[in-house]
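For reference, the structure discussed in these notes is given below.
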Amino acid sequence: MRHYSRVTNGMTAPPAVAVQFNVSSTACYHKPMPDTRTSLPSPIPLPEQFFQQDARQLAVALLGKVIRRRLNGQWLAARIIETEAYLLEERGSHASLGYTEARRALFMAPGTIYMYYARGGDSMNCSSLGEGCGVLLKSGYPVVDTLSPADSLAQMQALNPSASGGVRSPERLCAGQTLLCRSLQIRVPDWNAQRFTADQLLLEDDGYQPDQVLRAPRLGIPSGRDEHLFYRWVDAAYSRHCTRNPARRGQVEGLHYHSLELEAAQRQAYQESQTCSAT
(Lines give C-alpha, C1' and ligand atoms only; values in the text may rest on other atoms or scores of the structure.)
Protein backbone atom coordinates (compact mmCIF):
# COMPACT_ATOMS: atom_id res chain seq x y z
CA MET A 1 0.00 0.00 0.00
CA ARG A 2 1.27 3.47 -0.78
CA HIS A 3 0.26 6.44 1.32
CA TYR A 4 0.62 9.98 0.00
CA SER A 5 0.20 12.58 2.72
CA ARG A 6 -1.95 15.44 1.47
CA VAL A 7 -1.15 19.05 2.36
CA THR A 8 -4.04 21.38 1.66
CA ASN A 9 -2.69 24.83 2.52
CA GLY A 10 -6.25 25.98 3.00
CA MET A 11 -7.43 24.42 -0.27
CA THR A 12 -10.40 22.12 -0.37
CA ALA A 13 -9.18 18.62 -1.13
CA PRO A 14 -10.30 15.03 -0.66
CA PRO A 15 -8.96 13.28 2.44
CA ALA A 16 -5.75 11.31 2.18
CA VAL A 17 -6.28 7.77 0.98
CA ALA A 18 -4.33 4.55 0.95
CA VAL A 19 -3.78 3.41 -2.62
CA GLN A 20 -3.13 -0.11 -3.84
CA PHE A 21 -1.14 -0.12 -7.07
CA ASN A 22 -0.77 -3.09 -9.36
CA VAL A 23 2.89 -2.87 -10.18
CA SER A 24 2.68 -5.90 -12.45
CA SER A 25 0.42 -4.08 -14.95
CA THR A 26 1.88 -3.53 -18.40
CA ALA A 27 2.35 0.22 -18.80
CA CYS A 28 2.70 2.38 -21.90
CA TYR A 29 5.58 4.26 -20.33
CA HIS A 30 9.26 3.76 -19.76
CA LYS A 31 10.04 2.11 -16.44
CA PRO A 32 9.91 4.73 -13.64
CA MET A 33 13.30 5.72 -12.28
CA PRO A 34 13.84 6.51 -8.60
CA ASP A 35 13.70 10.17 -7.67
CA THR A 36 17.29 10.62 -6.54
CA ARG A 37 16.76 14.29 -5.67
CA THR A 38 14.27 13.61 -2.89
CA SER A 39 14.51 9.83 -2.32
CA LEU A 40 10.69 9.80 -2.61
CA PRO A 41 9.04 6.99 -4.57
CA SER A 42 8.33 7.87 -8.19
CA PRO A 43 4.66 8.12 -9.22
CA ILE A 44 3.28 5.04 -10.93
CA PRO A 45 1.64 5.73 -14.32
CA LEU A 46 -1.67 4.32 -15.46
CA PRO A 47 -1.28 1.03 -17.34
CA GLU A 48 -1.61 0.94 -21.11
CA GLN A 49 -4.90 -0.96 -21.02
CA PHE A 50 -6.54 1.93 -19.16
CA PHE A 51 -6.76 3.89 -22.43
CA GLN A 52 -8.31 0.97 -24.33
CA GLN A 53 -11.82 2.35 -23.82
CA ASP A 54 -14.45 4.16 -25.83
CA ALA A 55 -13.89 7.94 -25.56
CA ARG A 56 -17.03 8.40 -23.43
CA GLN A 57 -15.95 5.70 -21.01
CA LEU A 58 -12.43 7.10 -20.89
CA ALA A 59 -13.75 10.61 -20.22
CA VAL A 60 -15.54 9.33 -17.10
CA ALA A 61 -12.59 7.16 -16.04
CA LEU A 62 -10.16 10.09 -16.22
CA LEU A 63 -12.11 12.14 -13.68
CA GLY A 64 -10.14 12.20 -10.45
CA LYS A 65 -6.89 11.00 -11.99
CA VAL A 66 -3.76 13.08 -11.37
CA ILE A 67 -1.63 14.51 -14.15
CA ARG A 68 1.97 14.98 -13.03
CA ARG A 69 4.60 17.00 -14.88
CA ARG A 70 8.28 16.87 -13.93
CA LEU A 71 9.82 20.31 -14.28
CA ASN A 72 12.97 21.82 -12.78
CA GLY A 73 13.38 18.86 -10.45
CA GLN A 74 9.82 19.04 -9.11
CA TRP A 75 6.61 17.16 -9.78
CA LEU A 76 3.83 19.63 -10.62
CA ALA A 77 0.39 18.07 -10.27
CA ALA A 78 -3.31 18.65 -10.92
CA ARG A 79 -6.37 16.47 -10.48
CA ILE A 80 -8.53 16.12 -13.59
CA ILE A 81 -11.98 17.49 -12.75
CA GLU A 82 -13.53 18.03 -16.20
CA THR A 83 -13.33 16.09 -19.48
CA GLU A 84 -14.96 16.08 -22.91
CA ALA A 85 -15.28 13.12 -25.28
CA TYR A 86 -14.94 13.40 -29.05
CA LEU A 87 -15.79 10.71 -31.62
CA LEU A 88 -14.78 10.43 -35.27
CA GLU A 89 -18.38 10.15 -36.47
CA GLU A 90 -19.74 13.29 -34.79
CA ARG A 91 -19.24 16.76 -36.21
CA GLY A 92 -17.86 18.39 -33.09
CA SER A 93 -14.58 16.50 -33.30
CA HIS A 94 -11.38 17.57 -35.02
CA ALA A 95 -11.05 14.12 -36.56
CA SER A 96 -14.37 14.54 -38.37
CA LEU A 97 -12.65 17.24 -40.47
CA GLY A 98 -10.23 14.64 -41.81
CA TYR A 99 -6.73 13.37 -41.20
CA THR A 100 -3.89 15.90 -41.10
CA GLU A 101 -0.34 15.73 -39.80
CA ALA A 102 -1.33 17.99 -36.89
CA ARG A 103 -4.22 15.65 -35.98
CA ARG A 104 -2.31 12.39 -36.47
CA ALA A 105 -2.29 11.63 -32.74
CA LEU A 106 -6.05 10.98 -32.83
CA PHE A 107 -5.39 8.16 -35.29
CA MET A 108 -2.57 6.64 -33.26
CA ALA A 109 -2.68 4.08 -30.44
CA PRO A 110 -4.91 4.81 -27.43
CA GLY A 111 -3.09 6.92 -24.85
CA THR A 112 -1.27 9.07 -27.41
CA ILE A 113 -1.18 12.76 -26.51
CA TYR A 114 -3.00 15.07 -28.94
CA MET A 115 -2.37 18.79 -28.55
CA TYR A 116 -3.61 21.84 -30.39
CA TYR A 117 -3.90 25.59 -29.96
CA ALA A 118 -7.19 27.06 -28.70
CA ARG A 119 -8.12 30.40 -27.17
CA GLY A 120 -4.55 31.62 -27.44
CA GLY A 121 -3.02 28.66 -25.61
CA ASP A 122 -2.25 24.96 -25.61
CA SER A 123 -4.88 22.23 -25.12
CA MET A 124 -4.23 18.62 -24.18
CA ASN A 125 -6.12 15.49 -25.20
CA CYS A 126 -5.36 11.79 -25.30
CA SER A 127 -6.51 9.30 -27.92
CA SER A 128 -8.91 6.53 -26.96
CA LEU A 129 -10.14 3.28 -28.44
CA GLY A 130 -11.47 3.88 -31.94
CA GLU A 131 -9.75 5.66 -34.80
CA GLY A 132 -10.07 9.44 -34.57
CA CYS A 133 -11.51 9.41 -31.05
CA GLY A 134 -10.16 11.05 -27.91
CA VAL A 135 -10.73 12.93 -24.67
CA LEU A 136 -10.00 16.58 -23.91
CA LEU A 137 -8.55 17.27 -20.46
CA LYS A 138 -10.73 20.30 -19.92
CA SER A 139 -9.71 21.49 -16.45
CA GLY A 140 -7.98 20.44 -13.25
CA TYR A 141 -7.37 21.36 -9.63
CA PRO A 142 -3.86 21.64 -8.10
CA VAL A 143 -2.71 18.69 -6.03
CA VAL A 144 -0.46 19.35 -3.04
CA ASP A 145 0.93 16.15 -1.51
CA THR A 146 4.24 14.51 -0.63
CA LEU A 147 5.30 14.16 -4.26
CA SER A 148 4.10 17.64 -5.20
CA PRO A 149 4.55 19.87 -2.12
CA ALA A 150 3.71 23.54 -1.66
CA ASP A 151 6.75 24.76 -3.61
CA SER A 152 5.45 22.80 -6.63
CA LEU A 153 2.20 24.75 -6.39
CA ALA A 154 4.22 27.97 -6.19
CA GLN A 155 6.03 27.01 -9.40
CA MET A 156 2.68 26.40 -11.12
CA GLN A 157 1.49 29.83 -9.99
CA ALA A 158 4.69 31.41 -11.34
CA LEU A 159 4.13 29.71 -14.70
CA ASN A 160 0.52 30.91 -14.88
CA PRO A 161 0.10 34.36 -13.29
CA SER A 162 -3.18 36.27 -13.43
CA ALA A 163 -3.92 38.71 -16.25
CA SER A 164 -2.61 41.55 -14.07
CA GLY A 165 0.60 39.66 -13.35
CA GLY A 166 -0.37 38.69 -9.80
CA VAL A 167 -0.61 35.28 -8.19
CA ARG A 168 -3.53 33.28 -9.51
CA SER A 169 -5.55 31.52 -6.80
CA PRO A 170 -5.30 27.70 -6.68
CA GLU A 171 -9.04 27.46 -7.45
CA ARG A 172 -8.58 29.24 -10.80
CA LEU A 173 -5.08 28.04 -11.65
CA CYS A 174 -6.17 25.12 -13.86
CA ALA A 175 -9.81 26.12 -14.46
CA GLY A 176 -9.75 25.62 -18.23
CA GLN A 177 -7.87 23.66 -20.86
CA THR A 178 -5.27 26.33 -21.66
CA LEU A 179 -4.82 27.28 -17.99
CA LEU A 180 -4.16 23.63 -17.13
CA CYS A 181 -1.47 23.33 -19.81
CA ARG A 182 0.10 26.66 -18.89
CA SER A 183 0.30 25.75 -15.21
CA LEU A 184 2.07 22.49 -16.05
CA GLN A 185 4.06 23.86 -19.02
CA ILE A 186 2.68 21.33 -21.48
CA ARG A 187 3.12 22.70 -24.98
CA VAL A 188 2.05 21.69 -28.47
CA PRO A 189 5.56 21.53 -30.03
CA ASP A 190 6.87 19.36 -27.19
CA TRP A 191 4.05 16.90 -26.66
CA ASN A 192 1.77 16.54 -29.69
CA ALA A 193 1.73 12.91 -30.93
CA GLN A 194 3.96 11.81 -28.04
CA ARG A 195 3.45 9.12 -25.42
CA PHE A 196 3.33 9.76 -21.70
CA THR A 197 6.71 9.21 -20.04
CA ALA A 198 7.16 8.06 -16.45
CA ASP A 199 9.95 10.56 -15.81
CA GLN A 200 8.39 13.69 -17.38
CA LEU A 201 4.63 13.58 -17.90
CA LEU A 202 2.19 10.94 -16.70
CA LEU A 203 -1.33 10.20 -15.51
CA GLU A 204 -1.68 8.54 -12.11
CA ASP A 205 -4.40 6.96 -9.99
CA ASP A 206 -3.94 8.06 -6.36
CA GLY A 207 -7.12 6.33 -5.21
CA TYR A 208 -9.52 9.27 -5.33
CA GLN A 209 -12.83 8.85 -7.18
CA PRO A 210 -15.70 11.30 -7.60
CA ASP A 211 -18.90 10.46 -5.73
CA GLN A 212 -21.13 12.45 -8.07
CA VAL A 213 -20.63 13.33 -11.73
CA LEU A 214 -22.32 16.12 -13.72
CA ARG A 215 -22.96 15.48 -17.40
CA ALA A 216 -23.63 18.33 -19.83
CA PRO A 217 -23.10 19.47 -23.43
CA ARG A 218 -19.54 20.37 -24.42
CA LEU A 219 -18.42 23.98 -24.45
CA GLY A 220 -17.51 26.04 -27.51
CA ILE A 221 -19.00 23.71 -30.13
CA PRO A 222 -20.30 25.72 -33.13
CA SER A 223 -23.98 25.57 -33.97
CA GLY A 224 -24.83 22.68 -36.25
CA ARG A 225 -21.83 20.59 -35.21
CA ASP A 226 -23.50 18.26 -32.70
CA GLU A 227 -23.37 20.85 -29.95
CA HIS A 228 -26.35 19.13 -28.29
CA LEU A 229 -24.44 15.98 -27.31
CA PHE A 230 -23.95 15.52 -23.56
CA TYR A 231 -20.29 14.56 -23.92
CA ARG A 232 -18.88 16.66 -21.06
CA TRP A 233 -18.29 15.27 -17.57
CA VAL A 234 -17.44 17.17 -14.38
CA ASP A 235 -16.58 15.99 -10.87
CA ALA A 236 -19.46 17.53 -8.92
CA ALA A 237 -17.27 18.17 -5.85
CA TYR A 238 -15.12 20.50 -7.96
CA SER A 239 -17.79 21.91 -10.28
CA ARG A 240 -17.30 25.48 -8.99
CA HIS A 241 -13.68 25.29 -10.13
CA CYS A 242 -14.12 23.91 -13.67
CA THR A 243 -14.35 25.90 -16.91
CA ARG A 244 -18.05 26.64 -16.39
CA ASN A 245 -20.14 25.08 -13.67
CA PRO A 246 -22.92 22.99 -15.28
CA ALA A 247 -25.00 23.45 -12.11
CA ARG A 248 -24.56 27.22 -11.89
CA ARG A 249 -27.52 29.48 -11.17
CA GLY A 250 -30.10 29.41 -13.94
CA GLN A 251 -29.27 25.87 -15.09
CA VAL A 252 -31.99 23.25 -14.64
CA GLU A 253 -31.11 19.67 -13.75
CA GLY A 254 -32.57 17.27 -16.28
CA LEU A 255 -32.61 19.97 -18.94
CA HIS A 256 -29.17 21.62 -19.00
CA TYR A 257 -27.26 18.92 -17.14
CA HIS A 258 -27.65 15.55 -15.41
CA SER A 259 -26.33 14.61 -11.98
CA LEU A 260 -25.27 10.98 -11.65
CA GLU A 261 -23.50 8.79 -9.16
CA LEU A 262 -20.15 7.62 -10.53
CA GLU A 263 -21.32 4.07 -11.18
CA ALA A 264 -24.37 5.34 -13.07
CA ALA A 265 -22.16 7.62 -15.21
CA GLN A 266 -19.85 4.69 -15.97
CA ARG A 267 -22.77 2.44 -16.85
CA GLN A 268 -24.35 5.06 -19.08
CA ALA A 269 -21.11 5.66 -20.99
CA TYR A 270 -20.64 1.91 -21.46
CA GLN A 271 -24.18 1.42 -22.75
CA GLU A 272 -23.75 4.23 -25.28
CA SER A 273 -20.48 2.74 -26.49
CA GLN A 274 -22.18 -0.62 -27.01
CA THR A 275 -25.08 0.97 -28.88
CA CYS A 276 -22.67 2.65 -31.29
CA SER A 277 -20.70 -0.58 -31.73
CA ALA A 278 -23.86 -2.43 -32.72
CA THR A 279 -24.90 0.10 -35.37
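From the residues in the range 170-186 that are within 15 Å of the chain's Cα centre (by Cα) and not aliphatic (A, V, I, L, M), which one is surrounded by the most Cβ atoms within 10 Å (Cβ to Cβ)? Reasoning before the result, please.
Applying the first criterion (within 15 Å of the chain's Cα centre (by Cα)) to the range 170-186 yields 173-186.
With the extra rule that they be not aliphatic (A, V, I, L, M), the set shrinks to 174, 176-178, 181-183, 185.
Numbers: 174: 32, 176: 22, 177: 26, 178: 19, 181: 26, 182: 20, 183: 26, 185: 17.
Residue satisfying both the conditions and the ranking: 174.
Taking residue 168 and the conditions (1) touching a Ser or Thr at 6+ places or on another chain (Cβ under 8 Å); (2) farther than 21 Å from residue 209 by Cα; (3) not in a loop (DSSP other than H, G, I, E, B), which numbered condition does it fall short on, given that it satisfies the others?
So residue 168 meets the others, but not (3).
Scan (1) buried (at least 24 other Cβ atoms within 10 Å of the Cβ); (2) of a type in the set (S, T, N, Q); (3) assigned to a helix (DSSP H, G or I) for the single condition residue 155 breaks and write down its number.
With (1) buried (at least 24 other Cβ atoms within 10 Å of the Cβ); (2) of a type in the set (S, T, N, Q); (3) assigned to a helix (DSSP H, G or I) applied to residue 155, the lone miss is (1).
Considering the range 223-250 alone, what residues qualify as being farther than 18 Å from residue 80 by Cα and free of Cβ contacts under 8 Å to residues at least 24 places away in the same chain?
Scanning the range 223-250 gives 223, 228, 248, 249, 250.
Of the conditions (1) over 18 Å from the mean Cα position of the chain (by Cα); (2) hydrophobic (A, V, I, L, M, F, W, C); (3) at pLDDT 95 or above, residue 95 clears all except one; give me its number.
All conditions pass for residue 95, except number (3).
Return the only residue of 212, 271 being polar (S, T, N, Q) and free of Cβ contacts under 8 Å to residues at least 12 places away in the same chain.
Numbers: 212 fails: free of Cβ contacts under 8 Å to residues at least 12 places away in the same chain.
After ruling out the rest, the residue left standing is 271.
Out of the residues in the range 93-104 that are touching a residue at least 40 places away in the same chain (Cβ under 8 Å) and surrounded by fewer than 21 Cβ atoms within 10 Å (Cβ to Cβ), which is farthest from residue 135 (Cα to Cα)?
Of the residues in the range 93-104, the ones touching a residue at least 40 places away in the same chain (Cβ under 8 Å) are 93, 102, 104.
From the residues that got through so far, the ones that are surrounded by fewer than 21 Cβ atoms within 10 Å (Cβ to Cβ) too are 102, 104.
On the way: 102: 16, 104: 15 Å.
Looking at residues that are touching a residue at least 40 places away in the same chain (Cβ under 8 Å) and surrounded by fewer than 21 Cβ atoms within 10 Å (Cβ to Cβ), I get 102.
Working only within the range 55-96, note down all residues that are in contact with a Lys or Arg (Cβ under 7 Å, 6 or more places away or on another chain), of a type in the set (Val, Ile, Thr) and more than 15 Å from residue 177 (Cβ to Cβ). Let's see the steps before the verdict.
Initial filter on the range 55-96 (in contact with a Lys or Arg (Cβ under 7 Å, 6 or more places away or on another chain)): 64, 66, 73, 75-77, 80, 82-85, 91-92, 94-95.
Applying the additional criterion that residues be of a type in the set (Val, Ile, Thr) yields 66, 80, 83.
Result: 66, single match.
Which one is surrounded by the most Cβ atoms within 10 Å (Cβ to Cβ) among residues in the range 66-92 that are of a type in the set (D, E, K, R) and in a strand (DSSP E or B)?
Taking the range 66-92 as the starting set, the residues that turn out to be of a type in the set (D, E, K, R) are 68-70, 79, 82, 84, 89-91.
Applying the additional criterion that residues be in a strand (DSSP E or B) yields 68-70, 79, 82, 84.
Working: 68: 25, 69: 22, 70: 18, 79: 23, 82: 33, 84: 28.
Restricting to residues being of a type in the set (D, E, K, R) and in a strand (DSSP E or B), the top hit is 82.
Among the residues of the range 117-143, which ones are assigned to a loop (DSSP other than H, G, I, E, B), crowded, with 17+ Cβ neighbours inside 10 Å and out of contact with any Pro (no Cβ under 8 Å at 6 or more places or on another chain)?
If the condition is that a residue be assigned to a loop (DSSP other than H, G, I, E, B), crowded, with 17+ Cβ neighbours inside 10 Å and out of contact with any Pro (no Cβ under 8 Å at 6 or more places or on another chain), then 130, 132, 133, 143 are the ones that fit.
Provide a single number: the residues in the range 224-279 that are buried (at least 18 other Cβ atoms within 10 Å of the Cβ), small (Gly, Ala, Ser) and out of contact with any Asp or Glu (no Cβ under 8 Å at 6 or more places or on another chain).
So the answer is 2.
The values are calculated or read from the model by the stated rules, or taken from the named source; none is laboratory data. Nothing here was measured: the structure is a model prediction, and the numbers come from that model. We place every Cβ from the backbone using ideal geometry, glycine too, and count neighbours over all the protein chains shown.
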